[in-house]
1. About its Cα centre, how strong a charge dipole does the range 19-83 have in debye, to the nearest 20, once Lys and Arg get +1 and Asp and Glu get -1 at the Cβ?
2. About the Cα centre, and with charges only on the beta carbon of Lys, Arg (+1) and Asp, Glu (-1), how big is the dipole of the chain? Nearest 20 debye, please.
3. May I ask you to compute the full-extension gain from Glu355 to Ile12, defined as 0.36 nm times their residue separation minus their alpha-carbon distance, rounded to one decimal in nm?
4. Run the helix sum for the chain: -39,500 (n - 2.57) per DSSP H stretch of 4+ residues, divided by residue count, reported at 222 nm to the nearest 500 deg cm²/dmol.
5. How would you order 204-213, 177-186, 339-348 from highest to lowest mean count of nearby Cβ atoms within 10 Å?
6. Could you name the aspartates and glutamates in cross-link range of Lys276, using Cα to Cα under 12 Å and dropping any fewer than eight places away on the same chain?
7. Cα centroid distance between the range 8-45 and the range 181-240, in Å?
8. Using a 10 Å cut-off around each Cβ, can you sort Val132, Val82 from fewest to most neighbouring Cβ atoms?
Amino acid sequence: MEIPGLNINGLISKLAIVQGGMGVGISMSGLASAVATQGGIGVIAGAMAGIGEPDCSSNAAEANTRVLRKEIRAARAATKGVLGVNIMVALTHFSELVRTAVEEGIDVIFSGAGLPLELPKYLKNGSRPKLVPIISSARAAALICKKWFSRYHRLPDAFVVEGPKAGGHLGFTTDQIDNPGFCLENLVQEVLRFIQPLESECRRPIPVIAAGGIYTGADILKFLNLGASGVQMGTRFVATHECDASPAFKQAYVDAKKEDLVVIQSPVGMPGRALKNSFIDAVSAGIKKPFHCVYHCVKSCSPDKSPYCIALALAAAKKGLFKNGFAFAGANAYLVDKIVSVKELIDTLKSEYLEALRFENPPAEPTYAALR
């Protein structure tokens, strides 16, 4: 048996693998189209998609929506596979980005970093996107379902359940991150228990997609066995030739050691997991990186209290300029040892999955009669 497919309310990908949306230019049309071509769901990140545009500082909404539109069209031209976008609720231009994705006929909208309580209102009659909130608890799933059903008479098409081993901003307090009670296995099972009666009521499955720290084919099998319908993987797709970041950004993952993975306090008011470097050391030492906020990209950011601009730091890292920024990364980034193509990576995940399946179900020992 190979890695199964994923059915999100009638939208079917050949593989139950979602490539995580990594913002500020890490996962754009290059990576997303490559993943979609190999049978997974390729995801373009909407967060500060247009930061490289000359007018982004003066007209961020226009620059970001323009680039998102361009990237969706480029990905669609490059693949016939399933494509999604990741649009954070916390983004100042959330509504403009969602409307753009809907207009472009994207297949799936993934939305987290806050509760996407009003996401369905952006759909028009005949709109194609499936709506998939990214959550970190069954409580969040319940709030979203209650709001969506009462106001829009619909439920999410699926949920991504993201645990504390994910890279980037985390939906947990600092104390919860290393608390075994908040491990992804527990979170997935809690959400599955919550949605089970809802599936009976709406007469369709509501897939749960496990995310955060999933790295191998064996990890995929483990979460499918727990009841998840698929997995989301971000970190492992960074070290691919098709990833839209610079070679230096990818090499930082290859060079990372386990002790380099640290949890920082982001200027947007959330903890985040990143690769430790001199920039992070300087911030930790209380050295402020002077800046004038021109992007206003995240609603929760207070520029007057922030030690640095998160958008500028991540944009610099994407270019490999680590003196001026840092890379977000998942807890298993230190396992990355080389840069490969997306096809090679998918083939490796398939092999790992099959090997784990064989180990789980070893061939029966031949009987005496069979040996005669």
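A short reminder: the numbers here are calculations on the coordinates, not readings from a lab. Keep in mind it's a predicted model, so treat the numbers as computed, not measured. Using ideal geometry, Cβ is built from the backbone for each residue, glycine included, and neighbour counts are taken over all protein chains shown.
1. Details: 6 positive and 4 negative charges, 61 e Å.
Magnitude of the dipole: close to 300 debye.
2. Numbers: 40 positive and 33 negative charges, 149 e Å.
That gives a dipole near 720 debye.
3. Values: separation 343, 0.36 × 343 = 123.48 nm, distance 2.50 nm.
So the extension gain works out to 121.0 nm.
4. Working: 13 runs with 137 residues, N = 372.
One gets -11000 deg cm²/dmol as the mean residue ellipticity at 222 nm.
5. On the way: 204-213: 23.6, 177-186: 14.0, 339-348: 17.4.
So the peptides 204-213, 177-186, 339-348, ranked by packing, come out 204-213, 339-348, 177-186.
6. The reachable aspartates and glutamates, counting only those whose Cα sits under 12 Å from Lys276, are Asp255, Glu259, Asp260.
7. With the range 8-45 and the range 181-240 each reduced to a Cα centre, they are spaced 16 Å.
8. Working: Val132 29, Val82 25.
Exposure proxy ranking, most exposed first: Val82, Val132.
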